[in-house]
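FYI, it's all coordinate maths here, none of it is from the lab. Quantities reported herein were computed from a predicted structural model and do not represent experimental measurements. For neighbour counting, all protein chains shown are included, and Cβ atoms are generated from backbone atoms with ideal geometry for every residue, glycine included.
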Amino acid sequence: MTQPLFILALPRSYTSLIAGMLGQHPQTFGFPELNLFTVDRLMEMWQDGKHDAGFNKFQRHGILRAVAEIYAGEQSSNTVEMANHWLAARQNRSGFEVFRELSEALDPLMAIDKSPAHVISSVYLERIYSAYPDAFYLHLTRHPTNQGNSVMKVQDGGYALSVNSIDYTDNEAIIDPQIAWHDINLNIMELLQKVPPRQKMHVRGEDVMADPLGSLGRICRWLGLRDDIEALEDMLHPEQSPFACVGPINALFGNDPNFLRDPVFQPHLPKQPPLRAPLPWRMDGACLKAEVQKMALEFGYHH
């Protein structure tokens, strides 16, 4: 059984794009966002609002689309309905058991999971590692200012609010995504301390954007996948993924909506602001906190 790859990253860190690229390799299958390790039992995904961040129906779209694609070969209203029945028959199983069944159906292709919901809690990360101690783990990061700025543009910072990323200063509560950037990356790093060196890699999303063939080739060699030019060329077309477009009416999402609108990859060199510059979402002229700057430097971002 081929071991899966788990991409561990905050949302708005090029996750959809890079997972889509890796999923186009001829030896892999890139899942949409399954969120399967956020639940003990599958039925919890159908209990709205049970979770701290509120498990909403959009978070089920990825698993519905994946089941439709894998077992029916297409995603339509009818095959999503079939997927609903398939999942209902497994409602008492753990998220891990369902993930394993999907992965086995794809064997010998390597399954790639990149659900940003998994990194919110160390409990979810622990579930993944307990189930897959031999898997590959890719820690993907983005510059804290750019990631934070991107998060703040989605639902007026709704994500930052949902993960309690709030700065309490001078009797004022300010939504500030840098707190989540620091704490969630810390969760990931703590998990990765247990993972053998051979099974983990840190990649800056910016490096993949600027040098896709070099970065993707390095990831392929680490995973033991082909790194010939044909395989690398395939990976430059994430838009060819069956999950790189809006789905049928009963499972529209399963991926970042911005990616679904425009999944085409354009190589570019992302601008990285100085770590000491004032933050665009703060009206008080605040900069990145010292501990955030320190972590960003460890990841290879520069002052």
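Key figures for this structure:
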item: Within region 103-129, tally of residues that are surrounded by fewer than 20 Cβ atoms within 10 Å (Cβ to Cβ), touching a residue at least 12 places away in the same chain (Cβ under 8 Å) and either out of contact with any strand residue (DSSP E or B) (no Cβ under 9 Å at 6 or more places or on another chain) or in a helix (DSSP H, G or I) (or both); result: 9
item: Residue within region 33-48 that is aliphatic (A, V, I, L, M), closer than 29 Å to Asp228 by Cβ and crowded, with 23+ Cβ neighbours inside 10 Å present; result: no
item: Hits in region 10-52 - residues which are out of contact with any Gly (no Cβ under 8 Å at 6 or more places or on another chain) and either small (Gly, Ala, Ser) or part of a loop (DSSP other than H, G, I, E, B) (or both); result: Leu10, Pro11, Arg12, Ser16, His25, Pro26, Gln27, Gln47, Gly49, Lys50, His51, Asp52
item: Within region 219-266, considering residues that are part of a loop (DSSP other than H, G, I, E, B) and free of Cβ contacts under 8 Å to residues at least 40 places away in the same chain, the one farthest from the chain's Cα centre (by Cα); result: Asp228
item: Every residue from region 251-287 that is under 22 Å from Leu17 (Cβ atoms) and of a type in the set (D, E, K, R); result: Asp256, Arg261, Asp262, Lys271
item: In region 130-164, residue surrounded by the most Cβ atoms within 10 Å (Cβ to Cβ) [restricted to those that are more than 19 Å from Gln199 (Cα to Cα) and charged (D, E, K, R)]; result: Arg142
item: Test: residue in region 73-93 that is out of contact with any helix residue (DSSP H, G or I) (no Cβ under 7 Å at 6 or more places or on another chain), of a type in the set (Ser, Thr, Tyr), farther than 18 Å from Cys245 by Cβ and surrounded by 14 or more Cβ atoms within 10 Å (Cβ to Cβ); result: no
